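Novice: Sharing a structure here in structure tokens format.
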Amino acid sequence: MTVESTAARTSRRSASTKSTAGKRTTAKKPPGTEPELVQLLTPEGKRVKNARNSKNAEYESYVADITPDELRGLYRDMVLTRRFDAEATSLQRQGELGLWASLLGQEAAQIGSGRALRDDDYVFPTYREHGVAWCRGVDPTNLLGMFRGVNNGGWDPNGNNFHLYTIVIGSQALHATGYAMGVAKDGADSAVIAYFGDGASSQGDVAESFTFSAVYNAPVVFFCQNNQWAISEPTEKQTRVPLYQRAQGYGFPGVRVDGNDVLACLAVTKWALERARGGEGPTLVEAYTYRMGAHTTSDDPTKYRAEEEREAWEAKDPILRLRRYLEDSNHADESFFAELEAESEALGRRVREVVRAMPDPDHFAIFENVYADGHALVDEERAQFAAYQASFADVEGA
């Protein structure tokens, strides 16, 4: 047996690293390397015609009777969600928000899955599920309070069965699993859905939630939006197998769906929720999509990914493909699109007005609810802060 020299090993690793980096920034993949996934609407806006035994056939029935009105509704949801998201990004750039996490490019994954839910289902989001919040009836302006620093969320989670945004990566998967176990013990037939990204899939909390949900057959759907980048880390640096295949190791099914196809996302999520409500346990849905913008407004994606990659995904835009289908099928005319454009602009104006009118929070609220019975150290800090605030009044009065 030949022992490879240290220099040779170093050279080989270096070459491998360069090769991997090259693949990461290549927009066009060789033929046949696109991932296998459930797709019902192509990027060109054509409905996929499937043989009876094809991969898509199992899910087509869940959208087979979708009406033109419902299709227009899905399109409206995505357009208005994108408009809200763009306005929030602009507000942050103008100093009105401290931070913003854009969903640009992920509208189909969120609207499709969000519209699959029943009112009695419960949602555990991360901090980017603005489209799901829209589907749950949460006023979009309520999403901005936390990012402006005036509240901790701004909505009642039980009012819409939509939990407050979770900043700690992956922890909501455990919360969702525990809640789902409680739902099962109560004998309810509702389901729970947990949203997270490809980056969160590397967190231990997500692995633990997979274990517990499988063992206790919890009625939970894990919806992973694989947008290719965990901030600056590509998916291939986090897993050697497709994310949906991880479910097999825990004993429940996983499905990869075209995350830019709103019909496929709607169908697959309906299927997974139906399994959960029927006592068949958890499902992992991997929505294969792309983050068109920055991770947050504090991030610069040009430092770690190629422009050609983003341009290639622009051709798969979820809104554009549904518009093409609506037009080709004569399900929407120019008056519909014009009215929606006007509605979109009105939403943008309302969001801006509401955000700018948000009152500043009570400066002393940060000292409340720290300890149930109070604490001497908190009292001391409150007194020091009060003296600090008073010093400004002294200066102004001098």
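Read-outs: derived from the displayed coordinates by stated rules, not from any lab. Fair warning: this is a prediction, and the values are worked out from it, not measured in the lab. Methodologically, a virtual Cβ is constructed for each residue, glycine included, from the backbone with ideal geometry; neighbour enumeration extends over all protein chains shown.
Novice: Considering the Cα trace of the range 225-276, what is its radius of gyration and what is Dmax, both in angstroms?
Specialist: 12.7, 35
Novice: Taking +1 at the Cβ of each Lys and Arg and -1 at the Cβ of each Asp and Glu, which of GLN384, SER329, ILE319 sits farthest along the dipole of the range 317-398 towards its positive end, judged by Cα position relative to the Cα centre?
Specialist: SER329
Novice: With an 8 Å cut-off on Cα pairs and a minimum separation of 6 or more residues, tell me the relative contact order of the chain in percent.
Specialist: 23 percent
Novice: To continue, here is another question. What area, in nm² and to one decimal, does the C-alpha convex hull of the range 53-198 cast on average over all directions?
Specialist: Across all orientations, the range 53-198 yields a mean hull projection of 10.4 nm².
Novice: Which of rounded, prolate, oblate describes the range 142-233, given a ≥ b ≥ c as roots of the alpha-carbon gyration tensor eigenvalues and a/c under 1.5 marking rounded, otherwise prolate only if a/b is larger than b/c?
Specialist: It is oblate, given that a/c is not under 1.5 and a/b is not larger than b/c.
Novice: Let me ask something additional. With the Cα gyration tensor of the range 301-398 in hand, convert its eigenvalues to equivalent ellipsoid semi-axes via √(5λ) and list them largest first in whole Å.
Specialist: Each semi-axis is the square root of five times an eigenvalue, giving 53, 22, 17 Å.
Novice: What 222 nm value per residue comes from the helices of the chain, counting each DSSP H run with n ≥ 4 as -39,500 (n - 2.57) and dividing by all residues, nearest 500 deg cm²/dmol?
Specialist: When only DSSP H runs of four or more count, the value is -14500 deg cm²/dmol.
Novice: Can you give the charge dipole size of the range 32-179 about its Cα centre, rounded to the nearest 20 debye, using +1 on the beta carbon of Lys and Arg and -1 on the beta carbon of Asp and Glu?
Specialist: It works out to roughly 280 debye.
Novice: Ok, one more. Relative contact order for the range 151-227 using alpha-carbon pairs under 8 Å, separation at least 6, rounded to a whole percent?
Specialist: After rounding, I find 34 percent.
Novice: Going by average Cβ neighbours within 10 Å, how do the peptides 117-123, 154-160 rank, with the highest at the top?
Specialist: Output ranking for 117-123, 154-160: 117-123, 154-160.
Novice: Just from the alpha-carbon atoms, what are the Rg and Dmax of the range 90-162 in angstroms?
Specialist: My reading of the Cα-based Rg and Dmax gives 12.6, 38 Å.
Novice: Once you order the gyration tensor axes a ≥ b ≥ c over the Cα atoms, which shape class does the range 262-332 get: rounded for a/c under 1.5, otherwise prolate or oblate by comparing a/b with b/c?
Specialist: oblate
Novice: Provide the percentage of antiparallel DSSP beta bridges, counting only those with both residues in the chain; round to the nearest 5.
Specialist: Roughly 10 percent of the beta bridges in the chain run antiparallel, per DSSP.
Novice: Let a ≥ b ≥ c be the square roots of the eigenvalues of the Cα gyration tensor of the range 127-193; is it rounded (a/c under 1.5), or, if not, prolate (a/b larger than b/c) or oblate?
Specialist: In terms of gyration-tensor shape, prolate.
Novice: Now a separate question. Per-residue counts of other Cβ atoms within 10 Å, averaged by peptide: what ranking do you get for 96-108, 60-72, 280-292, highest first?
Specialist: Top of the packing list down: 280-292, 96-108, 60-72.
Novice: Which whole-Hz couplings ³J(HN,Hα) result when phi for each residue of the range 95-105 is put into the Karplus expression 6.51 cos²θ - 1.76 cosθ + 1.60, θ = phi - 60°, listed in order with x for Gly and Pro?
Specialist: x, 8, 10, x, 7, 8, 10, 7, 9, 3, x
Novice: Sticking with this one: What translational diffusion coefficient, to the nearest whole µm²/s, does the range 163-209 have by Stokes-Einstein, given a Kirkwood radius computed over alpha-carbon pairs, a temperature of 4 °C and 1.567 mPa s viscosity?
Specialist: Value of D from the Cα-based Kirkwood radius: 116 µm²/s.
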